[in-house]
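Derivation of every value follows stated rules applied to the coordinates shown; laboratory data play no part. Because the structure is a prediction, the values reported are computed rather than measured. So basically every Cβ, Gly included, is an ideal-geometry build from the backbone, and we count neighbours across all protein chains shown.
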Amino acid sequence: MPSITSLPALAIRRVNNDSVDAPSVAYRAMQSDWELILDLYGGTRRMRERGERWLPRWDGEESIQWQGRRDRSFLYNALKNTVRRVTTKPFSRPVTINGELSELLDGIESDVDGIGTNLTQFAREVYESAGKFGLCHIFVDFPVIRPTDAEGNPRPATLADEQSVNARPRFIKVEAPQLLGWQWEVRSGVKVLTQVRFIEQRVEPLGQYADQVVEYIRIITETTYETWRKSLDDKDFIQVMEQSGTHTFGHIPMVTYYMNRTGFMTAEPTFIDIAWLNIEHWQSSSDQRHILSMARFAILFGRGFSEDQIKRGITIGPARFIGTEDDKGDLKFVEIQGTAIQAGRDDLQDLQYKMEAMGVQPLISRTRDTTATGKRIDESRTSTDVQAWVEAENNALEECYQLAAEWTKTKLPDDFSVEVFADFGINSEDVHVLTFLLGAVEKRKISHLTFLRECKRRGVLSDIVVPEDEIEIIDEEGPDLGLVPPMSLDAPSDGENNDTNPDGSGNNPFE
């Protein structure tokens, strides 16, 4: 089986009702947000490649000047850091399966997709994808077996045929930008999928040694399946007949996992507000880098010099004398004042603080919105957004196993469940402490190393995070543009004591 990449390059697709790759209206509505997310996830290189889309040219700025400013711009990737932060905690421990499964279903845990991905890694990838786009789909596939008899004629597949190719259900992650379109009907008050179309990219051999990425589109209905391959001239799709046919499953085996649902099969990126702040930070940091480069070079200003002196040039250095007969003559260096630089630094600090604060919010415990039933269960229960997302993923994975059981004509045990680790969170009483810590870093009362240590001690960071290593990584990533004071392993604090809480009390909340 050819290898399959996770996510094809996002492109504006033609709107042609008869084209197999025609995007749906809902797809096009979500596409602009995906563009923002994918560009930020691509890091500094991708943001530079996008050019004026996210870094507009100033009025009167020449192309060569803008290119220089673009090439001096570096992305602080707050969006990716936030998604990775909320993804780390649930998967700091393996996903567990409760209940005794049949042999065919038991193998899913160690190899979910048929290419060696275990259930924990797969669940993490699905969770992170939903963190990026607001939702992620899981298609429960079953390999098509086409055995032939001795004369080469098709014959029905037997159990031995299935066992010879390790035929069993497989979970295929379908990220939001892969699902081009879907159709549905309302049955008994429930929306039921009747067709889905999604993109895959497969790496295939090209010649004796090279390879190429080929785009495929799969169309699944309640009774049929089709595969279409992009033509070699890259202009159209051609149906692959040997990968098309009918099935007897009865419905479409796809589960949608939501983090930030807006409707049936639609969602808004989970951290879209942080993404827009990240764009603002990208543009502001570009301005800051530019003014810093200008400020480092003083401009020589002179007046009262003859045209001949100007043509011959003025040499500045030790043991040199520069004179003019004009009594109003003057020669001096003009430097940029620090007011604008400080204002830019303050703006960057403010944006970074906002993104950090917003990124911590999903980990903060708060009282659930309870119904009457909920109150009977536990009136005092609290949870975080992350824990709610974990609970939703548990349900989605259990649905996938149910579909897999239908494929194999077996039943799940009564005590079956999937559990992603969710016993974590920041207590609501610690919220003011985190606010204090972020403010202390901003005001240079504590170092970043101290901040990371305190976050780890309170469970905000995973146990696998080593604060000292994080500092070294940040230092290797390059200059911070004056966002915060440089971090030092030798000096974890500036020696000043800050023993005042935000509420004015005298006890340091993190001691």
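Which one of Met254, Phe301, Ala343 is farthest out on the positive end of the charge dipole of region 205-356, using unit charges on Cβ (Lys, Arg +1; Asp, Glu -1) and the Cα centre as origin?
After comparing all options, I get Phe301.
Glu280 to Gln183: extension gain in nm, 0.36 nm per residue of separation minus the Cα-Cα distance?
Taking Glu280 through Gln183 to full extension adds about 31.2 nm, to one decimal.
Considering only C-alpha atoms, what is the centroid distance from region 84-149 to region 277-293, in Å?
40 Å
Using Cα positions and a limit of under 26 Å, work out the lysines in reach of Lys311, with same-chain residues fewer than 8 apart set aside.
Hits, sequence-local ones excluded: Lys328, Lys332.
For Phe301 and Asp414 in one chain, what is 0.36 nm times their gap in residues minus the Cα-Cα distance, to one decimal in nm? Each step should come with its number before you reach the end.
Details: separation 113, 0.36 × 113 = 40.68 nm, distance 8.50 nm.
Full-extension gain reported as 32.2 nm.
Under 14 Å from the Cβ of Asp326, count the other residues' Cβ atoms, weight Lys and Arg +1, Asp and Glu -1, and hand me the total. It would help to have the intermediate numbers written out before the result.
On the way: positive: Arg303, Lys328; negative: Glu307, Asp308, Glu325, Asp327, Asp330.
Value of the local net charge: -3.
Step through the table entries Lys132/Lys411; Lys173/Lys411; Lys132/Lys191; Lys191/Lys354; Lys354/Lys456, compare each Cα-Cα distance with 30 Å, and write down the pairs that go over it. Let's see the in-between values first.
Details: Lys132/Lys411 34 Å; Lys173/Lys411 23 Å; Lys132/Lys191 25 Å; Lys191/Lys354 39 Å; Lys354/Lys456 20 Å.
Beyond 30 Å: Lys132/Lys411; Lys191/Lys354.
Net charge near Tyr216, counting Lys/Arg +1 and Asp/Glu -1 over other residues with Cβ under 14 Å of its Cβ?
On the way: positive: Arg197, Arg202, Arg218, Arg229, Lys230; negative: Asp21, Asp141, Glu200, Glu204, Glu215, Glu226, Asp234, Asp236, Glu242.
Net local charge, Tyr216 excluded: -4.
Rank by packing, highest mean first: peptides 217-230, 43-56, with packing defined as the count of other Cβ atoms within 10 Å averaged across residues. Please report the intermediate quantities before stating the final value.
Numbers: 217-230: 17.8, 43-56: 14.4.
Per-residue mean Cβ counts within 10 Å order the peptides as 217-230, 43-56.
Tally Lys and Arg at +1 and Asp and Glu at -1 over the other residues with C-beta under 13 Å from the C-beta of Val192: what net charge comes out?
Working: positive: Arg187, Lys191; negative: Glu185, Glu222.
Here the count lands on 0.
Using the basic label-point model (7 angstrom from Cα toward the beta carbon), what is the Gln195 to Glu470 distance in nanometres?
Taking the simple label geometry, Gln195 and Glu470 are separated by 4.9 nm.
For Asn81 and Ala210, calculate 0.36 nm times their separation in residues minus their Cα-Cα distance, and state this gained length in nm to one decimal.
Taking 0.36 nm per residue and subtracting the Cα distance, the gain is 42.9 nm.
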